[in-house]
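Please read the structure below before turning to the comments.
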Amino acid sequence: MSITTKLKRSLVFRLFWLGFGLLLGVPQLMDGILYNMKGELFFGIGMLLVGIRGFLRPVVLSRAMAMQRDAAASDASIGSPVLHGVLSIAMAAALITGLVIKFSNN
């Protein structure tokens, strides 16, 4: 299956997750860079990774709420399972690190 065909599947959810990650990640990332705030920097990186991972392998909210696994969901995925695993680990590490740094300074 070609990438354009995969992109067309669940396009709304891909754009939702990308927008969500950008909306929450970019301001945090900019605050981290401009004001030298490491917690915001890591959290912003983590949220950007959430957006990228959500774009590559979209989570359809109605299926997630019903705890269903659809075979079509794996067909819509772009990239290898290793890539998604690495993105997930990096995303979790950045978010947790950012939150720990952010709230340990108070």
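Remarks
- Integer Hz, Karplus 6.51/-1.76/1.60 couplings in order for region 17-32, x for Gly and Pro: 5, 5, x, 4, x, 5, 4, 8, x, 5, x, 5, 5, 5, 4, x
- Subtracting the Cα-Cα distance of Val26 and Lys8 from their residue separation scaled by 0.36 nm leaves 3.9 nm.
- Longest to shortest principal axis, alpha-carbon extents of region 3-105, angstrom: 45, 25, 22
- Local electrostatic count at Gly39 - Lys and Arg +1, Asp and Glu -1, tallied over other residues with Cβ under 11 Å: 0
- Bridgeable lysines around Lys38 (alpha carbons under 29 Å apart, same-chain partners fewer than 8 residues away excluded): Lys102.
No lab work stands behind these numbers, since they all come straight from the coordinates. Since the model is a prediction, treat every value here as computed from it, not as a measurement. Using ideal geometry, Cβ is built from the backbone for each residue, glycine included, and neighbour counts are taken over all protein chains shown.
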